[in-house]
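The values are calculated or read from the model by the stated rules, or taken from the named source; none is laboratory data. In this text the structure is predicted, and so the values were computed from the model without any measurement. When we count neighbours, we look across all protein chains shown, and the Cβ atoms used for this are built from the backbone with ideal geometry, even at glycine. All accessible areas refer to the heavy atoms of the entire protein, side chains included, with ligands and DNA or RNA removed. Shrake-Rupley method; radii C 1.70, N 1.55, O 1.52, S 1.80 Å.
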Amino acid sequence: MELLTNVLAATVVAGTPLLLVALGELVCERSGVLNLGQEGMMLMGAVAGFIAAQASGSLAVGVFAAILTGIAMSMLFALMAVTLAANQYAAGLALTIFGTGLSAFVGAGFVGHSIDGFGKLAIPLLSDLPVIGKVLFTQDLLVYLSLILFVSVLLFLSRTRGGLLLRAVGESPHAANANGLKVMTVRYLAVAFGGGMAGLAGAYLSLAYTPMWTEGMTAGRGWIALALVVFASWRPERVLLGAYLFGAASILHLVLQGLGWKSSTELLAMLPYVVTILMLVLLSWHPARTRLNTPLSLGQPYRPGR
Amino acid sequence: MLLLERRPVASPVMRWASPLLALLLTVVTGFFLFLAMGRDPLAGLKFFFVTPVSDVQGLAELGLKMAPLLLCAAGLTLCYRAKLWNIGAEGHFLMGALGASIMAVQLVDAQGPWVLPLVLLAGMAAAAAWAAIAAALKTHLNCNEILTTIMLNYIALNLLLYTVHGPLKDPYGFGFPQSVMFGDSALLPALVPGTRLHLGLAFGLLAALAVWALFARSFVGFQLNVVGEDPRAAAFAGFGARRLTWFAFLVAGALAGLAGASEVTGPIGQLVPQVSPGYGYTAIIVVFLGRMHALGIVAASALLALTFLGGEMLQIAMNLPKAVTGLFQGLLLFFLLTCDAFIHYRLRWRGPATAGVRSVAPAGEA
C-alpha cells in the first residue's frame, strides 16, 4: 500500500509537465493550428524560468518569466504560420530547432547550478485522506495549478461562448469569418495560450521536477505531448488520463529497480517512447473515429478572402 | 501604409534569393549578438566563418563534417519532395553507426578488402530496417511519420547507449563506455593523405549526384514530386503512394545509415556514445536551405558543416559556449522560413484609402 501510494504520487508528478504542455497544444489545435514547436518552447521556458528564479530568488518570478518566454516564442511561430501562412510543419520544426539552440546557448553558464525548487504543500484535511491525500493533495503548488488549469480548459471548451468560438474557427475558419469572427485574432490567442502552457511546463521541469538546468532536459516531452493530444482525440479529460499514463511509463524503471528487478537503465528509458508509438498504433484501429474528432481545418493556413 | 500582398505567381528569384537573404540576416544578427555580449563582432564573425577553413587541415575538417550532413540530407530530400515529414535521420544515423560497429567488432581480427564493404553494408541495412519501421507504421497503420520518427530517434539513442554500456563495451577500456578499436581493414581510407578527411565525403557527393539524376532523369523522381505536389493527381495517375513512401524511407535510411557507418569507421574508429552532434537534425536545415535540390544541398551542407567548426573555434578563441552552433542553425532556419514567405507574398506601399489585403488567385502552394 505504501509503495502503491508512492508510485501513484510520483506518477502525478511525472505526468504534470505533460499535462500542462498537452493542454496548451490541445487549445491551439482546436483553433486549427498545429504547433510542432512545443519542445523548443518548453526548453526556453525551462531555461528562462531557472535563470529568472536564480537571479531573483523567487520561484514565482521564475514561473512568470517562463510563461512570458513561452508566449514570446509562440508569437514567432504565429508570425510565420498564421500571418504569413507558412507551412505549419516547417514553422513548428524551426521553432523547436531554434529553441533547442537558443536555450543551450543562454543556459550554458547555468549548467550544474541548483536552486531550492517547489516543495510539497499539503492541503489541510484533504491530505489526511488515505491514498488520495498523498497522491493528489500532498503535491507542489504547480501540480495544483495544473489541475485548476485542466478544469478551466475543460469548462472553457464545453461551457463557454469563447470555447464555442474557438472550436468554430478550428472546424471552419471561412464559415467563422463569414459570421464575423476574427479568425486571426482567435488563432493568435490560441497559439499564445499554447506557448504560455509550454513555458509553464518547462518551468515545472527546471523548478520543481529536477530543480536545475541541463541542456535538452525536456527529453522529448514536447513531442510526446503532441502524440498525447492525438491519442486523446482532442478531449481534455482524455489528455489528463493520457498524461498520467505516460507519467507512469516514465517512472516505471524506478519502480522496477525498487522492486529489485535487474535491467538496463537505457533499455527502460526507451519505455515512454515505445508507449507513444504503441498508442499511435492503437489509435489507428479506429482511424475513422480519429478523423471524426480532428479539428477540420487542422494544419491548414487560413488566408482571408479565399 | 505597408501591406503584405499575395503574388499572382510564386517568385522564382525569391526562391533562390531567400537562403542568401537568410544567411545575411543571420550574420547581421550575429554581429549584434557579439556586440551585446561585449565582444568584438568582426573578430567573432571571422573566428566563426573564416578561421576554421583558412588552411588545408581546416578544409579537410569541413569535408569531414560535410559528409554525414550531405548523406543524411540527400535521403531526406526524397522524403520532403514527396511531403513525407521524416524527422528520423538522426535515428537512422545512430542505427547505421550501431549496425556497422557490431559488424566491425565481430570482424576485429579479419583482414582483406571485403571487410570494410561488409561493415558499411551492415550499417546501411540496420538503418534501412529502422526506417522501414516508420514506413510500415505510415503505410499500414496510418501513423503520423513526424511523431513516429522522433520517437524512433530517442529509442535508437537509448539502444546505442545500452549497447555501448553493455554488450559492445571494451572489457579493457578502463570502464569507459566505448567499443574496442576496429581493425585496420574496417577503417575508411583517407581521401587526402595527411588529413582526417576520408572516403565519406565521396559517398556524400555521389549521393547528391544520384539525387540530381533521380529527379532530373527518372520516372520515380517525377512520381515523388507529383505525390508531394498533388496527392490526388498522383492517385488518379495510378502512382502507388505506398510504394513511393517505402522507397523514400528506405533510401533515406540507407543513406543516413551509411553516414553513421562512415563516422564510426572514419574519424572515430570505434563506437562511442557521442557519435553524432545532431547531424540528423541539422540535415533537415540543409534540405530546406538547399531548396531540396542536389546542388543546393551540397552548398548548404558546407555552410552548416562550417557552423560546427565555427562553434568549436569560438569556444577555443573567445571562450563562448559551444551551443553557439545550435543557436546559429536555429536562427538560420527561422530567417529562412520568414524569407520564404516572400516567395508567395510581397510588400507594397498603398494609400490608406485602399487598405486591406487584396488577394489574387494563388498559384502553387505555400
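Could you provide, to the nearest whole Å², the per residue accessible area of segment B:54-130 with probe 1.4 Å? Walk me through the numbers before you get to the answer.
On the way: 2390 Å² over 77 residues.
Dividing the accessible area of segment B:54-130 by its residue count gives 31 Å².
Under 1.5 on a/c is rounded, so check that first for chain B, then, if it is not, pick prolate when a/b is larger than b/c and oblate when it is not; a ≥ b ≥ c are the square roots of the alpha carbon gyration tensor eigenvalues.
Details: a/c = 2.18, a/b = 1.32, b/c = 1.65.
Note, shape of chain B comes out oblate.
Between chains B and A, what is the buried accessible area summed over both chains (1.4 Å probe, protein heavy atoms, nearest 100 Å²)? List each step's numbers first, then the result.
On the way: alone 17240 and 14250 Å², together 27550 Å².
By this definition, chains B and A bury close to 3900 Å².
With every protein chain present, what is the per residue accessible area of segment B:287-336 (1.4 Å probe, Å²)? Spell out each step's value before the answer.
Numbers: 1460 Å² over 50 residues.
For segment B:287-336, the per-residue accessible area is 29 Å².
Ordering A:Val191, A:Val106, B:Val13 from largest to smallest accessible area (1.4 angstrom probe), what's the sequence? Please report the intermediate quantities before stating the final value.
Numbers: A:Val191 0, A:Val106 65, B:Val13 110 Å².
The ranking, largest first, comes out as B:Val13, A:Val106, A:Val191.
With everything on Cα atoms, drop me the angle between helix B:145-165 and the longest principal axis of chain B, reported from 0 to 90° to the nearest 10.
Orientation of helix B:145-165: about 20 degrees from the principal axis.
Could you work out [θ]222 nm for chain B from helices alone, using -39500 (n - 2.57) per DSSP H run of at least four and dividing by all its residues? Round to the nearest 500 deg cm²/dmol. Before the final figure, lay out each step's value.
Working: 13 runs with 241 residues, N = 366.
The per-residue figure over chain B is -22500 deg cm²/dmol.
Could you state the principal axis extents of the C-alpha atoms in segment A:2-293, from the largest down, to the nearest angstrom?
On the principal axes, segment A:2-293 reaches 61, 44, 41 Å in Cα extent.
How do A:Ser250, A:Ser31 rank by accessible surface area computed with a 1.4 Å probe, from largest to smallest? Could you put the intermediate results ahead of the total?
On the way: A:Ser250 35, A:Ser31 0 Å².
Listed by decreasing accessible area, they come as A:Ser250, A:Ser31.
Hey, for a label at B:Leu4 modelled as a point 7 Å past Cα toward Cβ, could you say which residues of segment A:80-108 have their backbone N under 14 Å away?
A:80-88, A:91
Normalised by the number of residues in chain A, what is the relative contact order in percent for Cα pairs under 8 Å and 6+ residues apart?
Working: 541 pairs, mean separation 110.9, N = 306.
After rounding, I find 36 percent.
Would you mind computing the Rg to Rh ratio of segment B:59-131 from its alpha-carbon coordinates, Kirkwood style for Rh?
Values: Rg = 14.2 Å, Rh = 13.5 Å.
Here the Rg-to-Rh quotient is 1.05.
So, taking all protein chains as they sit and a 1.4 Å probe, how much accessible area belongs to B:His140, in Å² rounded to tens?
120
Quick one: angle between helix B:200-217 and the longest Cα principal axis of chain B, in degrees between 0 and 90, rounded to 10, please.
Around 40 degrees separate the two axes.
For segment A:76-107, list whatever residues lose no less than 40 Å² of accessible surface once every protein chain is in place, relative to that chain by itself, with the probe at 1.4 Å.
Buried-area filter returns A:Met80, A:Leu84, A:Asn87, A:Tyr89, A:Ala90, A:Leu93, A:Ala94, A:Ile97, A:Phe98, A:Phe105.
Taking each full run of DSSP H in chain A as one helix, which ones are at least 27 Å long along their axis (Cα atoms) and have mean Kyte-Doolittle hydropathy of at least 1.0?
Working: long enough: A:2-30 (40 Å, 1.31); A:59-78 (28 Å, 2.24); A:88-107 (28 Å, 1.22); A:183-204 (32 Å, 1.18); A:236-258 (33 Å, 1.06).
Result, helices passing both filters: A:2-30, A:59-78, A:88-107, A:183-204, A:236-258.
Roughly how much of A:His253 is accessible, in Å² to the nearest 10, using a 1.4 Å probe?
It works out to around 40 Å².
For the protein assembly as shown, give the percent of accessible area contributed by carbon and sulfur heavy atoms, probe 1.4 Å, rounded to a whole number. Each step should come with its number before you reach the end.
Working: 19150 of 27550 Å².
Result for the protein assembly as shown: 70 percent of the exposed heavy-atom area is carbon or sulfur.
Report, as a whole number in µm² per second, the diffusion coefficient that Stokes-Einstein gives for the protein assembly as shown at 25 °C and 0.890 mPa s using the Kirkwood radius over alpha carbon pairs. Show your work: numbers first, answer last.
Working: Rh = 26.1 Å.
In µm²/s, the coefficient rounds to 94.
Number of Lys pairs in the protein assembly as shown with C-alpha atoms less than 21 angstrom apart, excluding same-chain neighbours closer than eight positions?
Values: A:Lys120/A:Lys134; A:Lys262/B:Lys169; B:Lys46/B:Lys65; B:Lys46/B:Lys322; B:Lys65/B:Lys322; B:Lys83/B:Lys138.
Count of close lysine pairs: 6.
Provide A:Thr218, A:Thr69, A:Thr160 ordered by accessible surface of protein heavy atoms (probe 1.4 Å), highest first.
On the way: A:Thr218 0, A:Thr69 30, A:Thr160 55 Å².
Final ranking, largest accessible area leading: A:Thr160, A:Thr69, A:Thr218.
Which whole-number percent is the relative contact order of chain B (Cα, under 8 Å, 6+ apart)? Kindly include the intermediate steps, with their values, before the conclusion.
Numbers: 638 pairs, mean separation 135.1, N = 366.
Result for chain B is 37 percent.
Please identify the longest segment of chain B free of exposed chymotrypsin sites (Phe, Trp or Tyr not before Pro), where exposed means a DSSP state other than H, G, I, E or B and no more than 13 other Cβ atoms within 10 Å.
Working: sites that count: B:Trp114, B:Tyr172, B:Phe174.
That would be B:175-366.
Using only Cα atoms, tell me the angle between helix B:241-263 and the longest principal axis of chain B; keep it within 0 to 90° and round to the nearest 10.
50
Other chains' Cβ within 10 Å of A:210-223 residues: what's the mean?
Details: counts 0, 0, 0, 0, 0, 3, 2, 0, 0, 1, 5, 0, 1, 7.
Taking the mean over all residues of the peptide, I get 1.
So which trypsin sites (Lys or Arg not before Pro) in segment B:24-97 end up in coil per DSSP with only 10 or fewer other C-beta atoms within 10 Å? Show your work: numbers first, answer last.
Working: sites: B:Arg39, B:Lys46, B:Lys65, B:Arg81, B:Lys83; in loops: B:Arg39, B:Lys83.
Qualifying residues, ordered by number: none.
With every protein chain in place, what's the accessible area of A:Ile251 (1.4 Å probe, Å², nearest 10)?
10
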